[in-house]
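See below for the structure under consideration.
Quick note: the coordinates plus some simple rules give every number you see, no bench work behind them. Here the structure is a predicted model, which means the values were calculated and not measured. Don't worry about glycine lacking a Cβ; one is built from the backbone with ideal geometry, like all the others, and counts go over all protein chains shown.
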Amino acid sequence: MGAKVLERFPAGSPRGSWPAEEYAAERCAEGEPATVVMDLKSDAFLVVVPAADED
């Protein structure tokens, strides 16, 4: 199973700011199962949803 990246946020946000988590929460409120993961290579937080299976 794969994942689709909805949005990318730099890891260096100001202290107390959680834009990736806020964006994911907004998507979840709209019924989209979004989660936040860390991409260590690019030093960024990614908001992802499960990729649709293509048969």
note = Residues whose modelled amide H sits under 5 Å from the amide H of GLU7, counting only those 5 or more places away in sequence or on another chain, are VAL47
query = Which whole-Hz ³J(HN,Hα) couplings does the stretch 38-45 yield from phi under the Karplus relation 6.51 cos²θ - 1.76 cosθ + 1.60, θ = phi - 60°, glycine and proline marked x?
reply = 9, 9, 5, 4, 9, 6, 9, 8
message = Taking Rg/Rh (Cα atoms, Kirkwood Rh) straight from the coordinates, which label in (i) 0.97; (ii) 0.94; (iii) 1.02 is the correct one?
response = (iii)
inquiry  = Per DSSP helix of 4 or more residues, -39500 (n - 2.57); summed, then divided by the residues of the chain. What does that give at 222 nm, rounded to the nearest 500?
reply    = -6000 deg cm²/dmol
task = Please list 5-17, 21-33 highest first by mean number of surrounding beta-carbon atoms within 10 Å per residue.
result = 21-33, 5-17
request  = Working from Cα positions, state the angle (0 to 90°, nearest 10) between the long axis of helix 19-29 and the longest principal axis of the chain.
outcome  = 40
query = So for the pair SER42, ALA29, with labels modelled 7 Å out along Cα→Cβ, what separation do we get in nm?
reply = 2.5
